[in-house]
Amino acid sequence: MKFKFSIIVCIILLSCSKKEESKTNKEVHLSPEVAIPYFDTTNTRIEKEIEKEVVAFQNKLNKESLTKPAIKFSIDTFKIELKNRKRQEFDYSTQGMNNAVLDMIDEYKKLNDFYFTELLNLLEKEDKQVLINSQRDWLKFSESEFKLIEIMQNLKYNSGGSIQSNFAITIYYEIIKSRTEQLFWHYNSIIDRQENYTK
């Protein structure tokens, strides 16, 4: 099941904002607050910085007693979080921070889909439906939480200011990140058992 959360969040949190992206070196225009132009060259520089830090991080992980999936998950999430931090250092405007977190959410959604499928493939036939039902219930819960976030963005419930969108987008991010981690650790526990069982 594909998530459509990014669209929902853009509507909920950035009501009047519209993101116009270009694959060339053009500015990204956003309203009501304009983010610092984010060029392809900036992205390339950040990616190179990340790759250097990932090598050191992977060397450290290789010394730990981790499964291969645990190393992969650790590196994947390290990259996501590091890119977010570097982007927010580059543009710490409200809109710039929100854009960085939205990109991070998209990456966690991909991991969520991946580990849901991987876990589903490892479960016995009679247990698969439990996972499917759990994921379906989580999606319903998420949708309800997003509706609450939307309501709480109303000025009658908060002190206003653009910082409110940062709070809201962080809640949204934590919901998706937490579920992704849960799916991964269920999956990894099976892999860990299989590896120890075959030793």
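The values are calculated or read from the model by the stated rules, or taken from the named source; none is laboratory data. This structure is a prediction, so every number in the text was calculated from the model and none was measured. As a convention, Cβ positions derive from the backbone with ideal geometry for all residues, glycine included, and neighbour counts pool all protein chains shown. Just the protein is used for accessible areas: all its heavy atoms, side chains included, with ligands, DNA and RNA removed. Shrake-Rupley method; radii C 1.70, N 1.55, O 1.52, S 1.80 Å.
Let's test the formula: R0 of 22 Å, r as the Cβ-Cβ distance of Tyr92 and Asp137. What FRET efficiency results, to the nearest 0.05? Each step should come with its number before you reach the end.
Numbers: r = 37 Å, r/R0 = 1.68.
Efficiency for this residue pair is about 0.05.
Please find the FRET efficiency linking Ser65 to Asp127, where r is the Cβ-Cβ separation and R0 is fixed at 30 Å, and quote it to the nearest 0.05. The calculated FRET efficiency here is 0.60. Only protein atoms count toward the accessible area here, which uses a 1.4 Å probe; on segment 69-192, the carbon and sulfur part of that area reaches 56 percent.
Multiplying each eigenvalue of the alpha-carbon gyration tensor of segment 67-199 by 5 and taking the square root yields semi-axes of 33, 20, 8 Å, largest first, rounded to whole angstroms. 3J(HN,Hα) couplings calculated from phi for segment 43-59 with the Karplus curve 6.51 cos²θ - 1.76 cosθ + 1.60 (θ = phi - 60°) are, in sequence order, 4, 4, 4, 5, 4, 5, 4, 5, 4, 5, 5, 5, 4, 5, 5, 5, 4 Hz; Gly and Pro show x. Shown are Ser93, Ser178, Ser159, whose ranking by accessible area with a 1.4 Å probe and every protein chain present, most to least, is Ser159, Ser178, Ser93. What Kirkwood Rh does segment 56-105 have if only Cα atoms enter the pairwise 1/r average? Answer in Å. Final number for the Kirkwood radius of segment 56-105 is 12.0 Å. Which entries of Lys52/Lys72; Lys125/Lys147; Lys140/Lys177 have Cα-Cα distances beyond 23 Å here? With Cα atoms farther than 23 Å apart: Lys125/Lys147.
Averaging the sequence gap over all C-alpha pairs within less than 8 Å and six or more residues apart, then dividing by the number of residues, gives segment 95-194 a relative contact order of 57 percent. Ligands, DNA and RNA are left out, and with a 1.4 angstrom probe the accessible area of segment 106-199 is 63 Å² per residue. Compared with the alpha-carbon gap, the fully stretched path from Ser178 to Asn196 is longer by 3.8 nm at 0.36 nm per residue.
Couplings 3J(HN,Hα) of segment 99-106, computed from phi: 4, 5, 5, 4, 5, 5, 4, 4 Hz, in residue order, whole Hz [Karplus 6.51 cos²θ - 1.76 cosθ + 1.60, θ = phi - 60°; x for Gly and Pro]. Computed with every protein chain present, the accessible area of Leu82 is close to 10 Å² [probe 1.4 Å]. Exposure check, 1.4 Å probe, all protein chains in place: Glu124 carries approximately 120 Å² of accessible surface.
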